[in-house]
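Since the structure comes first, as structure tokens, the remarks are kept for the end.
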Amino acid sequence: MPARGGTSFFAADNEVPLVGDVDADGRDDLVTFTRGARADVLVAWSTGSAFGPPEVWHTWFAAFNETPLLGDFNGDGRADVVTLTRGSTGDVYVATSDGTRFVGTGDKWQEGFAFGDVAVLVGDVNCDRRDDVVSFGRRTIGRVQVAVSLGASFAGGLTWREGLVTRTQVPVVADFNGDGCDDVAALIRGAAPRVDVSSPCEGRPAKPSAHRPRGHLAFAGEESVPGAGDFTGDGRDDLVAFTRGPAADAFVTVSNGSFFTLDVEVERLVRVRPRGADAGRALVMVSAYSPAPRRVNAEGPGAGRAARGCGRIASVVAISSRQWAEATHALDTTLPDGADLPAHPQPGRRW
């Protein structure tokens, strides 16, 4: 289906376009940042059927190569703008929306945050209805730091997680389980795509874990551009991947609150045939994202280890074939006793 008409000239050249409800009318509007030496911020209001003409809402914000983002940082229901200098200064400036313009130029809300070339995103990770700024250090450590909004400034810059979003992985911040707290998805693209999800524990940092919660094993491959949104209207954000190029497809995988559908909840079954008393047991890697505590009752090494929720997953457990049904039932699957678990999940659905 071809795109419908909208505003005819918006976000030209290398401007940075974003989407948010800047006037709290329940409709998302278009916002673009010219950056460079001009550093204007323009808004095209949504009327519900079209976008209005661009209006200048700020004349000096997100200058040169600063990184602008949108979010409701003071909790008044209107999307505000934030810009991060990154580099060697690590300053964070905010201009809040009054419904007709963005107010504030040199309002520094945080300093010493998001240095270098870290990736930054916005989301309400502590469930207080104010958006926070999340920094992803990537590289080999995968350090995730959060500057929590206090309504007129940011606090902290504390490390909430390590080992998530490393190297070239792409982070997405959204509420995948519908609990009111934004979660983090790390998309490992390329030839063997995978989605890892981490959720804060009731607005607190997720505890480090040796395992990563897997939300999907075959989504947003190669160079697809990922995003998130509630496409089904159930209050939980889903993932979307845009292939671009000549195919120009958009694939969606829907969240059911525990994992992304059109997926298998168990990553893989590795059969082992040890001798002696352990003969006949199988090693199962349980890798479903679990927002609530779940326990796999199993015999042998690792028996009784639990998936404690809050972005953690069950550990490796050794179980016999008779217990496969019980283990998989705990992960919302319906496999017959003794059946092999599927090894290759389905990709997202083309929308």
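For segment 100-109, does any single residue satisfy the condition of being of a type in the set (A, V, I, L, M) and open to solvent by 50 Å² or more (accessible area, probe 1.4 Å)? Full working, then the answer.
Let us first name the residues in segment 100-109 that are of a type in the set (A, V, I, L, M), namely 103.
If we keep only those that are open to solvent by 50 Å² or more (accessible area, probe 1.4 Å) as well, we get 103.
There is at least one residue in segment 100-109 that is of a type in the set (A, V, I, L, M) and open to solvent by 50 Å² or more (accessible area, probe 1.4 Å).
Output the residue which, of all residues in segment 51-74 that are hydrophobic (A, V, I, L, M, F, W, C) and more than 23 Å from the chain's Cα centre (by Cα), is farthest from Ala119 (Cα to Cα). Break it down stepwise before answering.
So the first thing to find is which residues in segment 51-74 are hydrophobic (A, V, I, L, M, F, W, C), and the list is 51, 56-57, 60-64, 69-70, 73.
Checking which are more than 23 Å from the chain's Cα centre (by Cα) leaves us with 51, 56-57, 60-64.
Values: Phe51: 30, Val56: 27, Trp57: 26, Trp60: 23, Phe61: 19, Ala62: 16, Ala63: 18, Phe64: 17 Å.
Of everything passing the filter in segment 51-74, Phe51 is farthest from Ala119 (Cα to Cα).
Looking only at residues that are of a type in the set (Ser, Thr, Tyr) and buried (at least 19 other Cβ atoms within 10 Å of the Cβ) in segment 120-149, which one is nearest to the chain's Cα centre (by Cα)?
Ser135
Residue-by-condition table, conditions (1) in contact with a strand residue (DSSP E or B) (Cβ under 7 Å, 6 or more places away or on another chain); (2) at pLDDT 65 or above; (3) in a loop (DSSP other than H, G, I, E, B); (4) surrounded by fewer than 15 Cβ atoms within 10 Å (Cβ to Cβ):
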site	(1), (2), (3), (4)
Ala206	yes, no, yes, no
Ser209	no, no, yes, no
Arg212	yes, no, yes, no
Ala220	yes, no, yes, no
Ala228	yes, yes, no, no
Phe231	yes, yes, yes, no
Arg236	yes, yes, yes, no
Leu239	yes, yes, no, no
Arg244	yes, yes, yes, yes
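If we keep just the residues of segment 23-42 that are free of Cβ contacts under 8 Å to residues at least 60 places away in the same chain and outside any loop (DSSP other than H, G, I, E, B), which is farthest from Ala62 (Cα to Cα)? Before you say what the answer is, go through the steps one by one.
The first filter runs over segment 23-42 and keeps only residues free of Cβ contacts under 8 Å to residues at least 60 places away in the same chain, leaving 25-40, 42.
Right, trim to outside any loop (DSSP other than H, G, I, E, B) and you get 29-33, 36, 42.
Numbers: Asp29: 19, Leu30: 16, Val31: 13, Thr32: 11, Phe33: 7, Gly36: 8, Leu42: 12 Å.
Among them, the one singled out is Asp29.
Go over the candidates Gly48, Gly77 one by one and state the one that is assigned to a loop (DSSP other than H, G, I, E, B) and under 22 Å from the mean Cα position of the chain (by Cα). Please lay out each step first, then the result.
Working: Gly48 fails: under 22 Å from the mean Cα position of the chain (by Cα).
Matching residue, one of Gly48, Gly77: Gly77.
Of the numbered conditions (1) more than 24 Å from Leu239 (Cα to Cα); (2) modelled with pLDDT of 90 or more, Gly156 satisfies every one except a single condition; which is it?
Among (1) more than 24 Å from Leu239 (Cα to Cα); (2) modelled with pLDDT of 90 or more, Gly156 violates only (2).
In this structure, does Arg35 turn out to be at pLDDT 95 or above and open to solvent by 40 Å² or more (accessible area, probe 1.4 Å)? Before you say what the answer is, go through the steps one by one.
Details: at pLDDT 95 or above: yes; open to solvent by 40 Å² or more (accessible area, probe 1.4 Å): yes.
Taking the combined requirement at face value, the residue satisfies it.
Among the residues of segment 166-183, count how many are in a strand (DSSP E or B) and either touching a Gly at 6+ places or on another chain (Cβ under 9 Å) or open to solvent by 30 Å² or more (accessible area, probe 1.4 Å) (or both). Give the derivation first.
Start the filter on segment 166-183 by keeping residues that are in a strand (DSSP E or B), which leaves 170-174, 183.
Those left that are additionally either touching a Gly at 6+ places or on another chain (Cβ under 9 Å) or open to solvent by 30 Å² or more (accessible area, probe 1.4 Å) (or both): 170, 172-174, 183.
Residues in segment 166-183 being in a strand (DSSP E or B) and either touching a Gly at 6+ places or on another chain (Cβ under 9 Å) or open to solvent by 30 Å² or more (accessible area, probe 1.4 Å) (or both): 5 in total.
So, in segment 228-259, exactly how many residues are among the β-branched types (Val, Ile, Thr) and over 18 Å from the mean Cα position of the chain (by Cα)? Step through it out loud before you land on a result.
We begin by selecting, within segment 228-259, every residue among the β-branched types (Val, Ile, Thr); these are 232, 240, 243, 252-254.
With the extra rule that they be over 18 Å from the mean Cα position of the chain (by Cα), the set shrinks to 243.
Looking only at that region, the number is 1.
Spot the failing condition for Thr89; the list is (1) within 15 Å of Gly20 (Cβ to Cβ); (2) part of a loop (DSSP other than H, G, I, E, B), and only one is missed.
Failing condition for Thr89: (1).
The values are calculated or read from the model by the stated rules, or taken from the named source; none is laboratory data. Note that the structure is predicted; figures quoted are calculated from it, not measured. Cβ: placed from backbone, ideal geometry, glycine included. Neighbour counts: every protein chain shown. We work out accessible area using only protein heavy atoms, side chains counted, and drop any ligands, DNA or RNA first. Shrake-Rupley method; radii C 1.70, N 1.55, O 1.52, S 1.80 Å.
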